[in-house]
Amino acid sequence: MFRMPRLVQHNGPLTQQLQLVSGQPGLGLAPAALHADATASSVCGYCSTGCSLDVRLRGDRAVGVTPAGDYPVNLGMACPKGWEALRVLDAADRATTPLLRDDAGRLRPVSWDAAMRAFVSRMQGIQAVHGPHSIAFLSTGQIVSEEMALLGALAKFGMGMLHGDGNTRQCMATAVVAYKQAFGFDAPPYTYADFEESDVIVLVGSNLCITHPILWQRVMRNPHRPEIIVIDPRLTETAMAATQHVPLHPKSDLALLYGVARELAIRGWIDRQFLDAHTSGFDEFAAFVEEFTPQRVAAETHLPVDAVEKLAAVIHAGQRVSFWWTMGVNQSHQAVRTAQAIINLALMTGNIGRPGTGANSITGQCNAMGSRLFSNTTNLLGGRDFADAADRRRVADVLGIDEAAIPRQPSWPYHRIIEGILRREIRGLWVIATNPAHSWINQNTTRDVLQRLEFLVVQDMYASTETARLADLVLPAAGWGEKEGTFINSERRVGFTAKVRRPPGDALADFDVFRLVADYWGCGEMFRRWRSPAAAFELLQRLSEGQPCDITGIAGYEMLRREGGVQWPAPADRPRQSRERRLFEDGRFYHPDGRARFLFEAPKPLPERTTAAYPCLLLTGRGSVAQWHTQTRTAKSAVLRKLYPAELYVEISPHDAAALGLRTGDMARVVSQRGELLARVFATPGVQPGQAFLPMHYEATNRLTDPAFDPYSHQPAYKSCAVRIERAP
Ligand SMILES: Nc1nc2c(c(=O)[nH]1)N[C@H]1C(S)=C(S)[C@@H](COP(=O)(O)OP(=O)(O)OC[C@H]3O[C@@H](n4cnc5c(=O)[nH]c(N)nc54)[C@H](O)[C@@H]3O)O[C@H]1N2
Ligand SMILES: Nc1nc2c(c(=O)[nH]1)N[C@H]1C(S)=C(S)[C@@H](COP(=O)(O)OP(=O)(O)OC[C@H]3O[C@@H](n4cnc5c(=O)[nH]c(N)nc54)[C@H](O)[C@@H]3O)O[C@H]1N2
Ligand code: SF4
Ligand SMILES: [Mo]
């Protein structure tokens, strides 16, 4: 199967050959950089808000960052991570050359040629013995859409893989399934202006102030003195800033939301006209929620009996009510139905398709939305369906490939891939821009599982990540600012991210790594249309044609730069009316009958309940505005490091602290059935008695978490497990 790749037949150093791959002259900087003291606008590479940053260039050096003043998303603002975006790129642990594990078990620098030969011979060797599906990939919501799509196409159409999933499974899978089932397509309906236009804003399981601080700034610009309701077991930064905090018992959201629906239905606080014209299943839903009396809801949520009535009254009083949710919903054992319980409230009150309304999932990573449409994992490229012959034909046609190369089924989800490694069904794994040895649920088995692989390839900016340290081969990747392409933000805005500096050493843009792999694999010809990120963007546009996410109307990167990004849908045949757009203004949803569906199910008990031995419910999540996930990037900024505690800390209530004889600053042992860790105690009334909170940014946190999953989205339920806390010896 292996044949001599086209590239290495060229003369001259590899970097010169790679210019041919990327199609960019001289692997150089954007044209703007050629002029002294120019500025390049670039969408930030951390969160899904999608702020645009102006990068100041002196000669060919990027010297500073300021938030773009005229970009419709951030309006001149950025959070500390954005301000420090350049500073993390020069860290000493950047991967600057491929590293291959030698016979003595040490990672040694090798050339790209040696790295690619090892990659191909090991992966093809595994496939030759165990079949094409014995290798898989895990990718990310943090590379540009052009790269995601090339990876997905290469792995599945070129390399014969069937299984490949992304860290978006940990993050957005729930919203994807909830929307698809309810609306007929994965379509968050809002535009950020809705934050400013609502008179009631309901945030469920979202700590917007630290996780999407610029979106919180949009809330602060709202001139309607909005009622801001935060539904979260913890008194978070966001809950403190809200007008009402609803501190429900963890994972009792479903009962609460059904109780509110019942109250609205009983009082007739519904939009009958909208329900009749645009939805189906409301009457069944109304009958189903009848049993969620205020008494039952109070028992399950540990809230006062009048909580339901108060919430319903505020929602009814609002003219423009928007509902927003994030990981407090998506990461639970009944996540999809909880998200749909939120969607149901918006539908029954007619709060959708108008300014300031919506059932709005806020995304996490800078390009989680891109991965939902273009990663070729759960969906076929362009939000299409692997099982649909017409979709397969369309994709084959756009890419100029044989339709038979396209699998007819989607990938296994992430946890099934991990299980597949354990069962020896998967023996080779390619990990791109994610750090599962820190972020995946239940680390004790995860690391063990990763070590069982015959060949683990990690493609990352840093050679020091927990996962890279386990790798057999590390491929050094360029990061944000070192390559170009597009991200899609939370409000469906396609934005451009620019190349403003050279990657260090021999690190390459993921796009170029994928092209190189294709050539060495022997399938380079199949990807001839993917000449450059810009050419790939044109393919993505054609793949989106006729889909709800149609972006054929975008006139290239230049238009994205000029217009401050463009939200989908942006079809070529319909001229754009305005800079902001929301979905469902005509009340038509994407199901064939045009109607949105009510979906519901009885609440189930927690997968892991507290016991006498493990009496405390552990929640996990984001700890501060300055920390990003597994900290590979943000820990490299001296400024950001000043903004959060260096050591892992556990938040518990002052009541529990006193009962355990612990004070803030003491060392505690936190133990679950799966593992234990040491953490500094932080006693805070923000956490309820019987509960604890650990930030996810420290390596140890996921030693404790319980591998339970939503049955429809297969998203991990990171936000509850039973633990015991005790004084550390
Ligand atoms: N600074 C910073 N910002 C980030 C990130 C980061 O790492 N750092 N990551 C980005 C990404 S990828 C994501 S996905 C988002 C996540 O953004 P968020 O979802 O806002 O962040 P989390 O802290 O994970 O979870 C939100 C809240 O859910 C609450 N919660 C836990 N259990 C329940 C429950 O049963 N019911 C309810 N109603 N709430 C519950 C937690 O107490 C927590 O306050 O943030 C993005 N932004
Ligand atoms: N306990 C607990 N665990 C959680 C969560 C939780 O709330 N609680 N949240 C979950 C959620 S929502 C998420 S999104 C995940 C995030 O989990 P991960 O994806 O594992 O976390 P990151 O640290 O963002 O990892 C991204 C990796 O990509 C690398 N990288 C960045 N840019 C590039 C690039 O351009 N190219 C390449 N090749 N590499 C790049 C970074 O150096 C880093 O190693 O964590 C999940 N884990
Ligand atoms: S809010 Fe998000 S997109 Fe904006 S600067 Fe901060 S991390 Fe970047
Ligand atoms: Mo996420």
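Every number in this text was worked out from the coordinates using simple rules, so none of it is lab data. Owing to the predicted nature of the structure, the values given are computational and were not obtained by experimental measurement. Virtual Cβ from ideal backbone geometry, glycine too; neighbours counted across all protein chains shown.
In terms of packing, defined here as the mean over residues of other Cβ atoms within 10 angstrom, the peptides 492-504, 672-684 line up highest first as 492-504, 672-684.
Round to the nearest 0.05 the FRET efficiency obtained for THR293 and MET240 when R0 = 25 Å and r is the Cβ-Cβ distance.
0.20
Taking 0.36 nm per residue of sequence separation and removing the Cα-Cα distance, the GLU726/ARG469 pair yields an extension gain of 89.4 nm.
Regarding the chain, what is the average projected area of its C-alpha convex hull, in nm²? So the mean shadow area of the Cα hull is 30.0 nm². Count Lys and Arg as plus one, Asp and Glu as minus one, and take only other residues whose Cβ is under 15 Å from that of GLU197; the net charge is then +1.
With all pairs of separate Cα atoms included, the stretch 616-727 yields a Kirkwood hydrodynamic radius of 14.5 Å. Summing +1 for each Lys or Arg and -1 for each Asp or Glu among the other residues whose beta-carbon sits under 14 angstrom from that of ALA114 gives 0.
Report the antiparallel proportion of the DSSP beta bridges in the stretch 616-727 as a percent, rounded to a multiple of 5.
Here the share of antiparallel DSSP bridges comes out near 65 percent.
Which of the lysines could a cross-linker span from LYS499 if the Cα-Cα distance has to be under 20 Å and same-chain partners fewer than 8 positions apart are dropped? Answer for LYS499, where 20 Å is the Cα cut-off: LYS81, LYS483, listed by chain and number. Here the simple spin-label model places points 7 Å from the Cα toward Cβ, and for GLN673 and GLU647 these points are separated by 3.0 nm.
Estimated from the Cβ-Cβ distance and a Förster radius of 45 angstrom, the FRET efficiency linking ALA396 and ALA114 is about 0.85. By the gyration tensor of its Cα atoms, with a ≥ b ≥ c the square roots of the eigenvalues, what is the shape of the stretch 38-90: rounded for a/c under 1.5, prolate for a/b over b/c, or oblate? Oblate, because a/c is 1.5 or more while a/b does not exceed b/c. Using the Cβ atoms and a cut-off under 11 Å, what net charge is assigned to the surroundings of LEU643, where Lys and Arg are +1 and Asp and Glu are -1? Within the 11 Å Cβ shell, the charges total +2. One decimal place: the segment ASP448-ASP573 gains 39.7 nm when fully extended, by the rule 0.36 nm per residue minus the C-alpha distance. One chain, two ends: GLU545 and ALA658. Fully extended at 0.36 nm per residue, the span grows by 34.6 nm beyond their Cα-Cα distance. Compared with the rule-of-thumb size 2.2 N^0.38 Å for a compact globular protein, the stretch 69-141 has a Cα radius of gyration ratio of 1.78.
Based on the Cβ-Cβ distance from ASP593 to ASP102, what FRET efficiency comes out when R0 is 45 Å, to the nearest 0.05?
0.15
Within the stretch 603-644, find all residues whose amide N lies under 17 Å from a label point positioned 7 Å from the Cα of GLU284 along Cα-to-beta-carbon. Flagged as within label range: 603. Dividing the summed -39500 (n - 2.57) terms of all DSSP H runs of n ≥ 4 by the residue count of the chain sets its mean residue ellipticity at 222 nm at -8500 deg cm²/dmol.
Could you tell me what percent of the DSSP beta bridges with both partners in the chain are antiparallel, to the nearest 5? If we restrict to bridges inside the chain, about 50 percent are antiparallel.
Ordering of 600-608, 275-283 by packing is 275-283, 600-608, highest average first (other Cβ atoms within 10 Å, averaged per residue).
Close amide-amide hydrogen proximity is noted between ALA478 and LEU508, ALA509, ASP510, each under 5 Å apart and 5 or more residues distant or on a separate chain (H modeled in the peptide plane; Pro and chain starts excluded). Shape of the stretch 173-361 from its Cα gyration tensor (a ≥ b ≥ c, root eigenvalues): rounded if a/c is under 1.5, otherwise prolate when a/b > b/c, or oblate? Because its axes are fairly even, with a/c under 1.5, the stretch 173-361 counts as rounded. Protection proxy ranking, highest mean first, for peptides 474-487, 207-220: 474-487, 207-220, where packing is the per-residue count of other beta-carbon atoms within 10 Å, averaged.
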